[in-house]
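Heads up, the thing below is written out as structure tokens.
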Amino acid sequence: ETGVTQSPTHLIKTRGQQVTLRCSSQSGHNTVSWYQQALGQGPQFIFQYYREEENGRGNFPPRFSGLQFPNYSSELNVNALELDDSALYLCASSLGEGRYEQYFGPGTRLTVT
Amino acid sequence: LAKTTQPISMDSYEGQEVNITCSHNNIATNDYITWYQQFPSQGPRFIIQGYKTKVTNEVASLFIPADRKSSTLSLPRVSLSDTAVYYCLVVNTNAGKSTFGDGTTLTVKP
């Protein structure tokens, strides 16, 4: 059974640019959540997708958007990057259906200059 | 969303039992409590989850009082490799939202 994978591992972008981060969920998991983790802080919930629909959203502006595909892989898109968007972006998949433990990927380290 | 509060740091010695408490005063009926461990430059790793009373697995126990306004993660006989940041995470099953605490940095000394 493969775990959660994310790509790329590291990314450097310039303020104002757009970025797409990718996540491949653990096999059989139909729910994916994305988190932003700034250095020295706990992960902050961005949004969750369940069976290709956004299921919940944290306090992030609309320039943070996502997609979940039929194979349950997902993307996080961030438009108009700001310096404060520099962080580790984590995705986590879960079985859903009453199972709440989340399995995290290693994260993508985004640096905005 | 439930707001969570944890101690910033804790120290322990090898072989001791460690208890880390998370406060979540405004927890909702449909919220579940989960705990995670995170090492530097890695994603968090699931430890245990619960709704009320006590849950035990092969690595930890979770104690949740009747009012569910707090939870305590208990790690028996810690070792140096348990040095990490420990997070409680409240999952709102209705809204599909999750709230992490700020984490507790546990340092295990020889």
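No value in this document is a laboratory result; all are computed from the given coordinates. Quick caveat: nothing in here was measured; it's all calculated off a predicted structure. All Cβ positions, glycine included, derive from the backbone under ideal geometry; neighbour counts span all protein chains shown.
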Can you work out ³J(HN,Hα) from phi for every residue in the range B:19-30, in order, using Karplus 6.51 cos²θ - 1.76 cosθ + 1.60 and θ = phi - 60°, giving whole Hz and x for Gly and Pro?
10, 10, 9, 10, 9, 9, 4, 9, 5, 9, 4, 8
What lysines could a cross-link reach from B:K69, if we take a straight Cα to Cα line under 22 Å and drop same-chain neighbours fewer than 8 places away?
B:K3, B:K52, B:K54, B:K97
Tell me the Rg and the Dmax, in Å, that the Cα atoms of the protein assembly as shown produce.
17.3, 51
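Using the Kirkwood radius over C-alpha pairs as Rh, can you work out the diffusion coefficient of chain B via Stokes-Einstein at 4 °C, viscosity 1.567 mPa s, in µm² per second? All intermediate terms of the calculation are to be shown ahead of the outcome.
Working: Rh = 13.9 Å.
Stokes-Einstein gives a translational diffusion coefficient of 93 µm²/s.
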Using DSSP, restrict attention to beta bridges with both residues in the protein assembly as shown and report what percent are antiparallel, rounded to the nearest 5.
90 percent
Provide, as a two-decimal number, the C-alpha radius of gyration of chain A over 2.2 N^0.38 Å, N being how many residues it has.
1.00
Burial ordering of B:Y13, B:Y36, A:Y50, B:Y87, fewest other beta-carbon atoms within 10 Å first
B:Y13, A:Y50, B:Y87, B:Y36
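In the range A:1-102, what GluC sites (Glu not before Pro) fall in a loop by DSSP, with at most 11 other Cβ atoms inside 10 Å?
Values: sites: A:E1, A:E52, A:E53, A:E54, A:E75, A:E82, A:E97, A:E101; in loops: A:E1, A:E52, A:E82, A:E97, A:E101.
Of the GluC sites (Glu not before Pro), the ones in loops of the range A:1-102 whose Cβ has at most 11 other Cβ atoms within 10 Å are A:E1, A:E97.
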To the nearest whole number, what is the average tally of beta carbon atoms from other chains within 10 Å of the beta carbons of peptide B:35-42?
3
Residue (of A:S93, A:C23, A:G56) at the positive-pole extreme of chain A, dipole from beta-carbon charges:
A:C23
Counting other C-beta atoms within 10 Å, and keeping those with at most 13, which DSSP coil trypsin sites (Lys or Arg not before Pro) do you find in the range A:1-103?
A:R15, A:R51, A:R63
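Looking at the range B:14-95, which trypsin sites (Lys or Arg not before Pro) are DSSP coil and have at most 11 other C-beta atoms within 10 Å of their C-beta?
Details: sites: B:R45, B:K52, B:K54, B:R68, B:K69, B:R77; in loops: B:K52, B:R68, B:K69, B:R77.
Those that pass, being in a loop and sparsely packed, are B:R77.
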What residue among B:D82, B:D11, B:D31 shows peak mean-square fluctuation when chain B is described by a Gaussian network model with Cα springs under 10 Å?
B:D11
